[in-house]
Amino acid sequence: MTKREDALDYHARGRPGKIAVVPTKPLQNQRDLSLAYSPGVAEPCLAIKDDPDAAYRYTARGNLVAVVTNGTAVLGLGNIGALAGKPVMEGKGNLFKQFADIDVFDLEVGSESPDDVIRFCQLLEPTVGGINLEDIKAPDCFYIEETLRKTLNIPVFHDDQHGTAIISGAALLNALEIVGKQIDQVKVVFSGAGASAISTAEHYVRLGVQRENILMCDRAGVIYAGREGEMDPYKARFIRETAARSLADALVGADVFVGLSVAGAVTREMVAQMSNRPIIFALANPNPEIAPDEIRSVRSDAIIATGRSDYPNQVNNVLGFPFIFRGALDVRATEINEEMKMAATRALAALAKENVPDSVAALYGLRNVHFGADYLIPFPFDPRVLLSVAPAVAWAAVASGVATEFIDLEGYRDRLEARLGRARGLVRGLINRANRDPKRIVFPEGDDPRIIRAAGQLVEEGMAFPILLGDESKIRDMAALHRVSLDGIAIEDPSISPKRDEYAHYMWQLRQRKGLSLDEARRQLFNGNYFGSCMVARGDADALLSGVNLHYPETIRPALQVIGAHPGAKVVSGMYMLVTDRHVVFCADTTVNLDPSAEQLAQIGMAACRVARTMGVTPRVAMLSFSNFGSVRDPSANKMAEAARLLREREPSIVVDGEMQADTALSPEILARDYPFSLLKEEANVLVFPNLAAGNIAYKMLHHLGGATAIGPILLGMRRPVHVLERGADVQDIVNMAAVAVVDAQERSRQSEPLFAAIPAPAPGTPAAAALSRT
């Protein structure tokens, strides 16, 4: 599948598009109907008629933003029309909701007339709490925004103008601090003179850059005094008396470069002519004006930012607009003024200097992240951005007199934290980590079209080096059928591989005292799971991922026989990570052990906690039962209480309690009211089940009825990374599990004790050791 087809499939799959309207009140019976609509709905209507501010109490207006475009400047596609721009507007709405819990109507206006757009927005004012203008060409966008800000009493914000200005402004302040230069002394050069560049230059002036120290270049070169053609009143603000005529001329001796133009606009030679310790913001998308590696080849002293996620210092507008509107809406600001934009910039700059929690660094596969040349601004998926930027913007609105509501900042932060759980961005965090150090993943079911498509996506996103097992001609035919490029994907045919003899002897030596002959080993290697397990065991691959067409035992048995359990593991178990909008829960054991003992349950809980910590989640463990703290005397309940005691004894830093019922474990209210003695004070996020039946049934119900995203099964306790796909897994499921496998392999390469192992080895003669010896 080509990138184009993949993008089209993403938008068409299931319910078309990316957003939906979700009811917030029940409508289950006649009473609900009479309240939601006639006759009950008349009461809030009359209340709003008497007091227009009541609309914020009785309707969704206070949390509703209109994303408005006329499609005249969509991304880098140009004037493609309002309807063609709709996918972008839906995407913007998705970001508003995911990052700041703001609801959106995307509205595409079928007119290129600026006055029509203005009139449309003016008529829209009673419907929404704010308007985000998007993808409107310059200079029309300036006129539209200026007029609406004068005529409306709700916030209006053109993100294409101000987003980059606000985010890069934070990066500029911090970069100047690092290089030791004063903002009123630096020479700044812009490549690009569109809406974003002009707004960014104006924002830099407000931050302290001297206007006379800015040179702006457009397609015709430097904007200098006396130049004819390609001029408008907004560009004219940056006309300079200068001998420079080209971008290369302008960059001689420059301290700062800001690129908002096109890929390749800057050369190594130009960068070499800049001043000492240059600051280079190459922000063109998808490819920067000059790649960071090219810059480093001539200027190792440069401070660099781009718009890309695969380099440090990503200047991404999502660090701005969701949180700016969040703060503006929550104080019912009548506009987004310069004070509010400045507050957002300074809040981002200040946040980058704070200690980065391990949980945030873990989302990006990093450790010990500190303010510096490679960390100028916060990460987009850092949940602290909401808690920092929105209050700063809200308070600036209050202080500058455009707020109509006053907020208590401490209480406000608590409300913000409650809006968004920490589960958001967890899957993306795994993918970010995988990107930083891709590993070799072998897929035994290499001719399955889902595996092939997932492998293509893994290469495209830079997450892994896939190895597909199977008949090469069949794999190539299937890839061609689904239009997947095999560039970067290795293919290995177990039936003719030169590794067959080596692997056969390895398996025979490993299992010759368990009845395996050399000929039987050779025959078993026709099975991709045995061959793939040998690749991982012999170091020819870093992880194995299989099971999309197999029953669970068919996948795990070869891995246990060839790779085996880690010497430090008493039990191999399976865990699912369930992710909802607001929660992430780790469930174990869901796939392996029929009726684990208290000892085994403690081991399972320990291994699950290690995974949770690596995902940036502080584990809180509940040993689940049908009994609450001895309310029922039963061997099963006693087992769970003993498991909690063992885990607490061996790892006092883990908060664990039980036995307890599931609703008790997930309800702080029940815990506080009925069991104040419990060590759990918050809802549990690691759930350990008494047996396989309970764990398997529970995770599937949560997945299918509760709508949780299920990532797993994550295999715990193996000697090397082996993970199992659910039968029927789709492409995204495979990609998610591949990210888990890569992170597992990364962690094992960093530490002697594997991430997904349990604790000490089973002593000879114990039931666990005997069970492993029979495998």
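The values are calculated or read from the model by the stated rules, or taken from the named source; none is laboratory data. Since the structure is predicted, the reported quantities are computational estimates derived from the model, not experimental observations. Here Cβ is always computed from backbone atoms with ideal geometry, including for glycine, and neighbour counts include all displayed protein chains. Accessible surface is based on the protein model in full, side chains and every heavy atom, while ligands, DNA and RNA are left aside. Shrake-Rupley method; radii C 1.70, N 1.55, O 1.52, S 1.80 Å.
Count of the stretch 709-718 residues, restricted to those that are under 22 Å from residue 658 (Cβ atoms) and either out of contact with any Phe, Trp or Tyr (no Cβ under 6 Å at 6 or more places or on another chain) or surrounded by fewer than 20 Cβ atoms within 10 Å (Cβ to Cβ) (or both), is 2. For the stretch 206-246, which positions are touching a Gly at 6+ places or on another chain (Cβ under 8 Å), more than 26 Å from residue 140 (Cβ to Cβ) and open to solvent by 20 Å² or more (accessible area, probe 1.4 Å)? Passing the criteria: 245, 246. Of everything in the stretch 334-365 that is under 19 Å from residue 322 (Cβ atoms) and basic (Lys, Arg), the residue that is surrounded by the most Cβ atoms within 10 Å (Cβ to Cβ) is 341. When the criteria are applied in full, residue 68 fails the requirement of being touching a strand residue (DSSP E or B) at 6+ places or on another chain (Cβ under 8 Å), of a type outside the set (Asp, Glu) and part of a helix (DSSP H, G or I).
Put simply, of 97, 49, 137, 150 the only residue that is at pLDDT below 95, open to solvent by 10 Å² or more (accessible area, probe 1.4 Å) and either part of a helix (DSSP H, G or I) or touching a Cys at 6+ places or on another chain (Cβ under 8 Å) (or both) is 97.
Residues satisfying the criterion are present in the stretch 372-394 (criterion: farther than 17 Å from residue 316 by Cβ, in a loop (DSSP other than H, G, I, E, B) and not acidic (Asp, Glu)). When the criteria are applied in full, residue 589 fails the requirement of being open to solvent by 10 Å² or more (accessible area, probe 1.4 Å), acidic (Asp, Glu), touching a Gly at 6+ places or on another chain (Cβ under 9 Å) and closer than 28 Å to residue 733 by Cα. On the stretch given as the stretch 263-274, residues that are in contact (Cβ under 8 Å) with a residue 60 or more places away in the chain and open to solvent by 20 Å² or more (accessible area, probe 1.4 Å) total 1.
Selection of the stretch 158-175 for residues being more than 25 Å from the chain's Cα centre (by Cα) and open to solvent by less than 10 Å² (accessible area, probe 1.4 Å) yields only 175. The residue list 460, 492 contains one member that is of a type in the set (Asp, Glu) and at pLDDT 95 or above, which is 492.
Number of residues in the stretch 124-134 that are open to solvent by 10 Å² or more (accessible area, probe 1.4 Å), closer than 18 Å to residue 326 by Cα and not in a loop (DSSP other than H, G, I, E, B) equals 0. All conditions but one from (1) touching a helix residue (DSSP H, G or I) at 6+ places or on another chain (Cβ under 6 Å); (2) closer than 18 Å to residue 345 by Cα apply to residue 409; the one that does not is (2). Pairing residues of the stretch 399-416 that are without any contact (Cβ under 8 Å) to a residue 40 or more places away in the chain with residues that are open to solvent by 30 Å² or more (accessible area, probe 1.4 Å) and not in a loop (DSSP other than H, G, I, E, B), at Cβ distances under 6 Å and at least 6 apart in sequence or on separate chains, gives 413/387. Residue pairs whose Cβ atoms lie under 8 Å apart, separated by 6 or more positions or on different chains, with the first residue in the stretch 48-75 and without any contact (Cβ under 8 Å) to a residue 12 or more places away in the chain and closer than 21 Å to residue 152 by Cα and the second open to solvent by 70 Å² or more (accessible area, probe 1.4 Å) and in a helix (DSSP H, G or I), are 48/58.
Is it the case that residue 368 is among the polar types (S, T, N, Q), open to solvent by 30 Å² or more (accessible area, probe 1.4 Å), without any contact (Cβ under 8 Å) to a residue 12 or more places away in the chain and closer than 24 Å to residue 463 by Cβ? When the stated conditions are applied, residue 368 passes them. Is it true that residue 279 is closer than 30 Å to residue 386 by Cα, at pLDDT 95 or above, surrounded by 16 or more Cβ atoms within 10 Å (Cβ to Cβ) and more than 22 Å from the chain's Cα centre (by Cα)? So residue 279 passes the test. Residues of the stretch 290-308 that are within 12 Å of residue 277 (Cα to Cα) and assigned to a loop (DSSP other than H, G, I, E, B): 299, 300, 301, 302.
Set side by side, the residues 618, 590, 555, 614 differ, and just one is hydroxyl-bearing (Ser, Thr, Tyr), at pLDDT below 95 and over 26 Å from residue 749 (Cα atoms), which is 590. Each residue in the stretch 469-504 was checked for being over 37 Å from the mean Cα position of the chain (by Cα) and either surrounded by 14 or more Cβ atoms within 10 Å (Cβ to Cβ) or touching a residue at least 40 places away in the same chain (Cβ under 8 Å) (or both), and 5 pass. Across the stretch 726-775, the qualifying residues are those that are more than 22 Å from the chain's Cα centre (by Cα), at pLDDT 50 or above and surrounded by 18 or more Cβ atoms within 10 Å (Cβ to Cβ), and the one among them that is nearest to residue 365 (Cα to Cα) is 748.
Any idea which of (1) modelled with pLDDT under 90; (2) assigned to a helix (DSSP H, G or I); (3) surrounded by 20 or more Cβ atoms within 10 Å (Cβ to Cβ) is the one residue 397 doesn't satisfy? The number of the failed condition is (1). Taken over the stretch 648-701, the criterion of being open to solvent by less than 10 Å² (accessible area, probe 1.4 Å), of a type in the set (A, V, I, L, M, F, W, C) and assigned to a helix (DSSP H, G or I) is satisfied by 665, 671.
Residue-by-condition table, conditions (1) small (Gly, Ala, Ser); (2) in contact with a helix residue (DSSP H, G or I) (Cβ under 8 Å, 6 or more places away or on another chain); (3) within 19 Å of residue 329 (Cα to Cα):
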{"site": "17", "(1), (2), (3)": "yes, yes, no"}
{"site": "22", "(1), (2), (3)": "no, no, no"}
{"site": "27", "(1), (2), (3)": "no, yes, no"}
{"site": "36", "(1), (2), (3)": "yes, no, no"}
{"site": "46", "(1), (2), (3)": "no, no, no"}
{"site": "50", "(1), (2), (3)": "no, no, no"}
{"site": "53", "(1), (2), (3)": "no, no, yes"}
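Within the option set 408, 374, 414, being within 30 Å of residue 465 (Cβ to Cβ) and open to solvent by 20 Å² or more (accessible area, probe 1.4 Å) holds for one residue only, 374. In the set (1) among the β-branched types (Val, Ile, Thr); (2) over 16 Å from residue 455 (Cβ atoms); (3) touching an Asp or Glu at 6+ places or on another chain (Cβ under 7 Å), residue 475 fails one condition alone, (2). Is it true that some residue in the stretch 189-199 is more than 30 Å from residue 353 (Cβ to Cβ) and at pLDDT 95 or above? Checking the stretch 189-199: not a single residue is more than 30 Å from residue 353 (Cβ to Cβ) and at pLDDT 95 or above.
Somewhere in the stretch 302-322, is a residue within 30 Å of residue 370 (Cβ to Cβ), buried (at least 17 other Cβ atoms within 10 Å of the Cβ) and over 27 Å from the mean Cα position of the chain (by Cα)? For the stretch 302-322, residues within 30 Å of residue 370 (Cβ to Cβ), buried (at least 17 other Cβ atoms within 10 Å of the Cβ) and over 27 Å from the mean Cα position of the chain (by Cα): present. Contact map, the stretch 579-590: residues that are polar (S, T, N, Q) paired with residues that are in a strand (DSSP E or B) and surrounded by 24 or more Cβ atoms within 10 Å (Cβ to Cβ), Cβ distance under 7 Å, separation 6+ or inter-chain. Pairs shown: 590/574; 590/575; 590/576; 590/713.
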